[in-house]
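A.B. asks: Submitted below is the structure of interest, expressed as structure tokens.
The values are calculated or read from the model by the stated rules, or taken from the named source; none is laboratory data. All of these numbers come straight from a predicted model, not from anything done at the bench. Cβ placement follows ideal geometry from the backbone for every residue including glycine, while neighbour counts extend to all protein chains displayed. SASA here: full protein model, heavy atoms, side chains in, ligands and nucleic acids out. Shrake-Rupley method; radii C 1.70, N 1.55, O 1.52, S 1.80 Å.
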Amino acid sequence: MMQTATKTAPSEKQVNIPDYVRKVLDDPRAPKRVAESRERVERVRSRAREAMIDARNIVAPGGGGDADAWWRSPLITPPGGRAVTAEEPLRVLVAGGGLAGLIVAAACHAKGMRVVLFEQAGSYAPYGGPIQIQSNALRALSQINRRLFDEIVKAGTVTADRVSGLKIGYDAGNALAGRYQKGDWLVRFDTVGPALEAGLPPTVVVDRPVIQQIFVKHGFPAGTVRIRSRVASYDKLGEGQGVRATLEDGTQAYGDVLVGADGIWSSVRKQLFGLEEGAGGFAASGAAGGAINNREERQVARDTISIARQARRRYSGFTCYAALANHRASNIEDVSYQILLGKDKYFVSTDAGGERQQWFALIRTPAGGQDPDPTDAVPTPKLDRLRAEFTDQPGGDSNGDMWDGFALELLEATDEADVKRRDLYDGPPLLRDPSRWLAPWADGPVAIAGDAAHPMMPNLGQGGCQSCEDGFRLVEELGGVRHTADVPRALSRYSRVRVVRTSIIQGLAQLGSDLLIDFDKMMNIPIIGPFFLLMTQVSMPWVLRYLYTADF
């Protein structure tokens, strides 16, 4: 069992790694931390830049260039459906070109299905920071397409080879509950042990543009992705006769299956659940930021409040500032992931490879908040706010707390233009709706996956990983279909299998977020506070074992 926080904070170069973690790291199968050479640093950074250009060049724009595409015309199918054969395989329409859509498309192609992916963006330019591809997601990728798995691992940076955990951000506690100095470890946990126990590869972190580049190159044929194409609505045709999707420009697409992988504000989900008209609008979501300017950021912050209400999504209570800093962190040799906890806020950082750190500052605040534009007088309004929130200077923040200097270290290494702000939303598990238990994410030939089905807080880093599992399970079920009349049953099975696991993980992520923000209260409660820390420490290996499974 790992130790809880010590009364004095060890230096980052003298991290006291618990015995069982050391035993795991000494395992010859475990990854070993190797200092990044200047050559590799530049290679990691340049590939992310090149991937954005490469993706634009690889994917042809949508519009008039695909008039003869297979999905333009319905296949003549008799009432009751048709046999699925090698010559006439299942035809799958995928709404949404993010990670969930890419995975579904790659899995469909690997099973010999015809697939087209409709992406609403004006160009298929990837955006967002690095993402953790954890052991369970790597397992799914290895089963979908071994080349994809190999390329992702080769492009990634292993983060499971060092200590991860929770620290207190500032001096806290009292004589009865125990005193904690800023930077003290509260909880430390091991991510490589559970992976090795399950026979899974260790977690890697990879830039989103690189992930998308790999999928476009190795996941499916050229022309599979159609940009400037948002699925606005769909019509189910006769039994076994599939579905007709209508794009926003009026173009119609025909397939045997429609998968809504179009994000938390999914248009497919809107129709599937009979939500209000505005539930499928464009809005902000996620902690990864995005390629939008300050004006657009303010607009979506306002719009999202209305869209979330109509889409029955829950505002988490947190706004999230995020950025990727080109900076070699002072604790890089010993720590891969840490959270600095505070009152009504916390600061998350993770090794992003290439001597970079991705960081997130989550602050409890009402939804729809906005930052002013930079001016000559105030050129860095977002960073100025964050410097005040996480200051290590005398006088402290608005609560009088002086923070551990690591947060400021990363903030000072970040450019204002790189900082993105998002209000964080998630959604209740669909298990709460008994009327949908038999087919929680499906209706006939239509199903949803990824954030459209189970948006979750970023605390466990499992949003994209659960999308990987979704894609694998969905297409495994479709792979057994021999007649189009069986598609609804396959999609129902997929959603029944997936909804229980994702609901548990959603709940853990939501609970973790709510508890993190109240850790400061625990530091002042005798007996209960130390017991709570101990239970958190004891439970983490079990949580990770549940996440890192080869069966989903």
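A.B. asks: If you project the alpha carbons of the range 426-552 onto the principal axes, what extent comes out on each, in Å, largest first?
C.D. replies: Result for the range 426-552: principal-axis Cα extents of 63, 29, 20 Å.
A.B. asks: Please report, in debye to the nearest 20, how large the charge dipole of the chain is about its Cα centre when each Lys and Arg carries +1 at its beta carbon and each Asp and Glu carries -1 there. Walk me through the numbers on the way to the answer.
C.D. replies: Values: 66 positive and 66 negative charges, 215 e Å.
Result for the chain is approximately 1040 debye, rounded to the nearest 20.
A.B. asks: Same structure, new question: With contacts defined as alpha carbon pairs under 8 Å and 6 or more residues apart, what's the relative contact order of the chain in percent? Display every interim value, and only then the final one.
C.D. replies: Values: 1189 pairs, mean separation 116.1, N = 552.
After rounding, I find 21 percent.
A.B. asks: Please work out the FRET efficiency for the pair A413 and R146, using the Cβ-Cβ distance as r and a Förster radius of 35 Å; give the result to the nearest 0.05.
C.D. replies: Efficiency for this residue pair is about 0.40.
A.B. asks: With the crude spin-label approximation of a point 7 Å out along Cα→Cβ, what separation in nm comes out for N399 versus V538?
C.D. replies: 2.7
A.B. asks: Can you give the accessible area of S398 in Å² (nearest 10), computed on protein heavy atoms with a 1.4 Å probe?
C.D. replies: 110
A.B. asks: Something else now. Taking all protein chains together and a probe of 1.4 Å, list V268, V543 from the most accessible to the least accessible. Intermediate values should be presented prior to the final figure.
C.D. replies: Working: V268 0, V543 30 Å².
Ranked list, largest accessible area first: V543, V268.
A.B. asks: How far is it, in nm, from the label point at R72 to the one at D344 when both lie 7 Å from their Cα along the line to the Cβ?
C.D. replies: Simple spin-label model gives 5.8 nm for this pair.
A.B. asks: Continuing with this model, one more query. At a 1.4 Å probe, what is the % contribution of carbon and sulfur to the accessible area of the chain?
C.D. replies: Roughly 53 percent of what the probe reaches on the chain is carbon or sulfur.
A.B. asks: If R0 is 22 Å, what FRET efficiency do you get for R179 and S330 from their C-beta distance, rounded to 0.05? Show your work: numbers first, answer last.
C.D. replies: Details: r = 24 Å, r/R0 = 1.10.
My answer for the efficiency is 0.35.
A.B. asks: Still on this structure: If you roll a 1.4 Å probe over the heavy atoms of the protein chains, what accessible area per residue do you get for the chain, in Å²? Mind showing how you got there, number by number?
C.D. replies: Details: 21840 Å² over 552 residues.
Accessible area per residue: 40 Å².
A.B. asks: Roughly how big is the range 386-525's charge dipole about its Cα centre, with Cβ charges of +1 (Lys, Arg) and -1 (Asp, Glu), in debye to the nearest 20?
C.D. replies: 1240
A.B. asks: In whole Hz, with x marking every Gly and Pro, tabulate ³J(HN,Hα) for the range 177-191 from phi via Karplus 6.51 cos²θ - 1.76 cosθ + 1.60, θ = phi - 60°.
C.D. replies: Result, rounded to whole Hz: 8, x, 9, 10, 8, 4, x, 5, 6, 9, 9, 10, 9, 10, 9.
A.B. asks: Now for a separate question. If ligands, DNA and RNA are left out, what is the accessible area of K154 with a 1.4 Å probe, given in Å² to the nearest 10?
C.D. replies: 140
A.B. asks: Would you calculate a helix-derived [θ] at 222 nm for the chain, using -39,500 (n - 2.57) for each DSSP H run of n ≥ 4 and dividing by the full residue count, to the nearest 500?
C.D. replies: -10500 deg cm²/dmol
A.B. asks: Here's a follow-up. Can you tell me which aspartates and glutamates have their Cα less than 13 Å from the Cα of K343? Leave out same-chain residues fewer than eight positions away.
C.D. replies: D171, E389, D397, D401, D514, D518, D520
A.B. asks: So how exposed is D68, as accessible area in Å² (1.4 Å probe, rounded to 10)?
C.D. replies: Counting only protein heavy atoms, D68 exposes about 150 Å² to solvent.
A.B. asks: Can you compute the charge dipole magnitude of the range 401-475 about its Cα centre, using +1 on each Lys and Arg Cβ and -1 on each Asp and Glu Cβ, nothing else charged? Give it in debye, rounded to the nearest 20. Working shown, then result.
C.D. replies: Working: 6 positive and 14 negative charges, 129 e Å.
Dipole of the range 401-475, to the nearest 20 debye: 620 debye.
A.B. asks: Just check the range 380-439 against the gyration tensor rule for me: Cα atoms, a ≥ b ≥ c as the square roots of the eigenvalues, rounded for a/c under 1.5, and otherwise prolate or oblate depending on whether a/b exceeds b/c.
C.D. replies: Note, shape of the range 380-439 comes out prolate.
A.B. asks: Here's something else I'd like to know. Taking the Cα centre of each part, how many Å lie between the range 411-460 and the range 243-269?
C.D. replies: 18
A.B. asks: For the chain, which semi-axes, largest first and in whole Å, follow from the square roots of 5 times the eigenvalues of its Cα gyration tensor?
C.D. replies: Working through the eigenvalues yields semi-axes of 41, 25, 23 Å.
A.B. asks: In sequence order, what are the phi-derived ³J(HN,Hα) couplings for the range 355-363 according to the Karplus relation 6.51 cos²θ - 1.76 cosθ + 1.60 with θ = phi - 60°, rounded to whole Hz, with x for glycine and proline?
C.D. replies: Per residue, the Karplus-derived 3J(HN,Hα) values read 6, 10, 10, 8, 10, 9, 10, 9, 10 Hz.
A.B. asks: Let me ask something additional. Using a 1.4 angstrom probe with every protein chain in place, what is the largest-first accessible-area order of H454, H218?
C.D. replies: H218, H454
A.B. asks: I would also like to ask the following. What are the radius of gyration and Dmax of the range 336-453, computed over its Cα atoms and given in Å?
C.D. replies: Over the range 336-453's Cα set, Rg and Dmax evaluate to 19.5, 62 Å.
A.B. asks: Same structure, new question: Answer with one residue from I332, G255, P201: the one whose Cα lies farthest towards the positive end of the charge dipole of the chain, charges on Cβ with Lys, Arg +1 and Asp, Glu -1.
C.D. replies: After comparing all options, I get G255.
A.B. asks: Taking +1 at the Cβ of each Lys and Arg and -1 at the Cβ of each Asp and Glu, which of V44, A107, I505 sits farthest along the dipole of the chain towards its positive end, judged by Cα position relative to the Cα centre?
C.D. replies: Going by the charge dipole, the pick is A107.
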